[in-house]
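Beneath this line is the structure, given in structure tokens, with notes to follow.
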Amino acid sequence: MNDVAGGLVRLSGLVQGLYTRVSQRHDLTPVQAKLLCVLLEGPRGMAELAGYFSVEKAALTGLMDRAEKRGLARRTPVPGDRRALTVTLTEEGHRAATAFYTDVHAELEALVGSLTPEGRKHFEQAMGEIIERCGGGC
């Protein structure tokens, strides 16, 4: 596999493996780690999170049940909408999310650390173009 598609598949595997290893070091599943990182950006509605994870709201409930049981996140009612819930990080969840994010960020930086400054610039530009063209959801 020496073509672009093959390289992207291998790179994806490297990144997913790295993400999984760092998640395990922090006693998180990769999905829990992703949830915490999303919530680091601020509170989200359950429907928004379901869309982010590409699952039905009912499937997200189990993930949230486990996160709440561990004291990482909480669901609170949205005033004026009895069916809507907002998800936020607890203090413990914020600490866990920050620690995980710092660790995974350092590992990902190390992954591209051997690139020359010019190579890194080209890599970042190409990634940015792909992500922008696909709207982040290809």
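Points to keep in mind about this one:
- Unmet requirement for THR61, which otherwise passes all of (1) modelled with pLDDT of 95 or more; (2) surrounded by 13 or more Cβ atoms within 10 Å (Cβ to Cβ); (3) of a type in the set (S, T, N, Q): (1)
- ARG10 being loosely packed, with under 12 Cβ neighbours inside 10 Å, of a type outside the set (Asp, Glu) and part of a helix (DSSP H, G or I): yes
- Considering (1) touching a Gly at 6+ places or on another chain (Cβ under 6 Å); (2) aliphatic (A, V, I, L, M); (3) touching a residue at least 40 places away in the same chain (Cβ under 8 Å), the lone condition that ALA73 does not fulfil carries the number (3).
- Residues (in a helix (DSSP H, G or I), out of contact with any Lys or Arg (no Cβ under 9 Å at 6 or more places or on another chain) and of a type in the set (Val, Ile, Thr)) located in region 111-138: ILE130, ILE131
- Residue within region 47-58 that is assigned to a strand (DSSP E or B) and either aliphatic (A, V, I, L, M) or touching a strand residue (DSSP E or B) at 6+ places or on another chain (Cβ under 8 Å) (or both) present: no
- Output for region 66-110, where each listed residue is assigned to a loop (DSSP other than H, G, I, E, B) and of a type in the set (Ser, Thr, Tyr): THR90
The values are calculated or read from the model by the stated rules, or taken from the named source; none is laboratory data. Computed from a predicted model, the values in this text were never measured in an experiment. Here Cβ is always computed from backbone atoms with ideal geometry, including for glycine, and neighbour counts include all displayed protein chains.
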